[in-house]
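Have a look at the structure below before the remarks.
The values are calculated or read from the model by the stated rules, or taken from the named source; none is laboratory data. Here the structure is a predicted model, which is why all the values come from computation and not from measurement. A quick note on method: Cβ atoms are made from the backbone with ideal geometry, for glycine too, and the neighbour counts reach across all protein chains shown. Keep in mind that these areas ignore ligands, DNA and RNA; they rest on the heavy atoms of the full protein, side chains included. Shrake-Rupley method; radii C 1.70, N 1.55, O 1.52, S 1.80 Å.
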Amino acid sequence: MKNPLALIVDDEPDILELLEMTLSRMEIDCQKALNLKEATTLLSQFRFDLCLTDMRLPDGDGLDLVEKIQKTHPELPVAVITAHGSMEIAVEALKKGAFDFVSKPVDLKLLRNLVESALKLSIPLPGKERRSRDQLLGESPPMREIRSKIVKLSRSQAPIYISGESGTGKELVARLLHQKGPRSDKPFIAVNCGAIPGELMESEFFGHKKGSFSGAVADKDGFFQAAEGGTLFLDEIGELPLPLQVKLLRAIQEKTVRPVGGQHEIPVDTRILSATHKNLNKMVTEGTFRQDLYYRVNVIELKVPPLRERHGDLAQLVDHILRKLAQQMQLTLPELSDAAQQTLHNHHFPGNIRELENLLERAITLCENNLIEPEDLNISAPLATPSAPLEKPIEAETAQQEAPTPAGFENYMEEVEKKAIVEALEKTRWNKTAAAKQLGITFRALRYRLKKFGIE
């Protein structure tokens, strides 16, 4: 089996020699070019598995080469070598289709990691499934488009900002970007930025050294180190306080982190994906989110459509969720009456897929004779027709979505429900059939709740 072949382009002989030596030790053959013209000629003569190019060339720049390769050899991963501090140019290269970038002076460890990831694209692993239609369901135009984008963007190492309302499946999209890309055999670390106490954020993200603060009894890796070689997904990135935003920006730009109490920067090789249901543009205007960080995490934006814009997928989603729930609960697969189907079709779904799952989970436990009726769905009235235009801004709608069901309220209601069940069981001397009748629910619904609440 012959070695992979790389095209390296730089007008500095010393850099070319360093790159060639590094790649040859990885058993990669090289063809060298001093300028854009020589690189173009070599591209027409050889089939390359990887291209590394400097940004500044005597007869053009690396961006020209990136654009040319995207048009003529779209399957060829190309990485750019930028001068220290030239993040704007690196970001521009990523937007034009570059696989990744590395800054001068070249860190050889980061370079080797980059090369290994790039070669996984040129020489794909056998049996790797590129499609995602069995995981990201729906045949509506918006879902076909997003699956197509996932296949394309999974090849890049560019930071991607996944936007969309709460409950649309942003984390699933992030996981697919990881699974379909060259980092799939490395960790995927998902972090809810809004769930970390402020005083622990720096330690959680970047790690800490033993004795760096009270309670630091041993060295600890942070999220960046845990995601080494893989993907770090920062969910609800809009919740990060400004001081941590500064440190996160540096980690993304320099590809290094400094643990709390540490004296040295540690190189890290992680791809950054981020998401939030908030309007980051508005937060930048208000001064609560740094503009420079916004440009770094939002090199490419991937919008996940709300459920109301893909109503044609509703029947497939309902069938999938019901099958999953029935299997989990070890129940016979229920059916939806025509009236229940119409109720779902007319509903606006402010909570999107997550709301649909909750509605069906409730319905499958309350329905009689394995037939789900409108009353089992507990949808009081349709909020809008699927085709009705939205008359209120997204920000207002998002605020309405968040207000009715805060986590504290949900926990409170669960405690009330649990207490009522225990009281009914005690009154009926733990006769479950009698307790279900007293509560006004089916025996199956009671059995499900006993399991859910861990009541023996």
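Can you tell me the length gained on complete extension of the stretch S214 to Q327, counting 0.36 nm per residue apart and subtracting the Cα distance? Each step should come with its number before you reach the end.
Numbers: separation 113, 0.36 × 113 = 40.68 nm, distance 4.73 nm.
This chain segment gains 35.9 nm when fully extended.
Quick one: putting +1 on the C-beta of Lys and Arg, -1 on the C-beta of Asp and Glu, what dipole do you get for region 1-69 around its Cα centre, in Debye to the nearest 20?
Details: 7 positive and 15 negative charges, 72 e Å.
The calculation lands at about 340 debye.
Counting pairs of Cα atoms in region 267-319, how many percent are more than 16 Å apart?
59
Nothing charged except the Cβ atoms of Lys and Arg (+1) and of Asp and Glu (-1): what's the magnitude of the dipole of the chain about its Cα centre? Round to the nearest 20 debye.
On the way: 59 positive and 66 negative charges, 209 e Å.
Charge dipole of the chain: 1000 debye, to the nearest 20.
Please list 185-191, 361-367 highest first by mean number of surrounding beta-carbon atoms within 10 Å per residue.
Details: 185-191: 17.0, 361-367: 20.3.
So the peptides 185-191, 361-367, ranked by packing, come out 361-367, 185-191.
Counting only protein heavy atoms, what percent of the accessible surface of the chain is carbon or sulfur at a 1.4 Å probe? Could you put the intermediate results ahead of the total?
Working: 11820 of 23170 Å².
Solvent-exposed carbon and sulfur of the chain make up 51 percent of the total.
Which one, L94, T433, V284, projects farthest toward the positive side of the charge dipole computed for the chain from Cβ point charges (K/R +1, D/E -1)?
So the residue we want is T433.
Take the Cα gyration tensor of region 213-263, multiply each eigenvalue by 5, square-root it, and list the three semi-axes largest first, rounded to whole angstrom.
On the way: eigenvalues 75, 43, 30 Å².
Semi-axis lengths for region 213-263 are 19, 15, 12 Å.
Compare the Cα positions of A445, L322, M143 along the charge dipole of the chain (+1 at Cβ of Lys, Arg; -1 at Cβ of Asp, Glu; about the Cα centre) and return the one farthest towards the positive end.
Working it through, the farthest residue towards the positive pole turns out to be A445.
On a full-extension model of 0.36 nm per residue, what is the gain between K451 and A434, subtracting their alpha-carbon distance, rounded to one decimal in nm?
On the way: separation 17, 0.36 × 17 = 6.12 nm, distance 1.76 nm.
Computed gain between K451 and A434 is 4.4 nm.
Measure of size requested: the Rg and Dmax of region 141-186, with Cα atoms as the atom set and Å as the unit; please supply both.
10.6, 32
Just to confirm a number: summing +1 for Lys and Arg and -1 for Asp and Glu over residues other than H73 whose beta-carbon lies under 12 angstrom from that of H73, what do you get? Intermediate results must be reported in sequence, preceding the final value.
Working: positive: R47, K68, K71; negative: D49, E67, E75.
Its environment carries a net charge of 0.
Based on the Kirkwood radius over alpha-carbon pairs, what value in µm²/s does the Stokes-Einstein equation return for the translational diffusion coefficient of region 58-118 at 37 °C and 0.692 mPa s?
Details: Rh = 11.9 Å.
D = 275 µm²/s.
Please get the size of the charge dipole for region 237-364, origin at its Cα centre, with Cβ charges of +1 on Lys and Arg and -1 on Asp and Glu, quoted in debye to the nearest 20.
On the way: 16 positive and 15 negative charges, 100 e Å.
With Lys and Arg at +1 and Asp and Glu at -1, about 480 debye.
Between E27 and K247, what's the calculated FRET efficiency when r is the beta-carbon distance and R0 is 41 Å? Round to 0.05. Walk me through the numbers on the way to the answer.
Details: r = 38 Å, r/R0 = 0.92.
It comes out at approximately 0.60.
Can you quote the Å³ per residue value for the convex hull of the Cα atoms in the chain, rounded to an integer? Walk me through the numbers on the way to the answer.
Details: hull volume 86.9 nm³, N = 456.
Residue-normalised Cα hull volume stands at 191 Å³.
Taking amide H atoms as placed 1.01 Å from N in the peptide plane, list the residues 5 or more away in sequence, or in a different chain, whose amide H sits under 5 Å from that of K303.
S163
As I understand it, the dipole of the chain uses +1 on the Cβ of Lys and Arg and -1 on the Cβ of Asp and Glu, about the Cα centre. Which of M55, L34, L333 lies farthest toward its positive end?
L333
Cα-Cα pairs above 18 Å in region 133-223: how many percent? Provide the component values of the computation, followed by the final result.
On the way: 2363 of 4095 pairs.
Of all Cα-Cα distances in region 133-223, 58 percent exceed 18 Å.
How long is region 170-289 along each principal axis, judged by its Cα atoms, biggest number first, in Å?
39, 38, 25
Explain nothing, just compute: Karplus ³J(HN,Hα) = 6.51 cos²θ - 1.76 cosθ + 1.60, θ = phi - 60°, for every residue of region 441-456 in order, whole Hz, x for Gly and Pro.
Each residue's phi maps through the Karplus curve to give 10, 6, 4, 5, 5, 5, 4, 5, 5, 4, 5, 4, 8, x, 8, 9 Hz.
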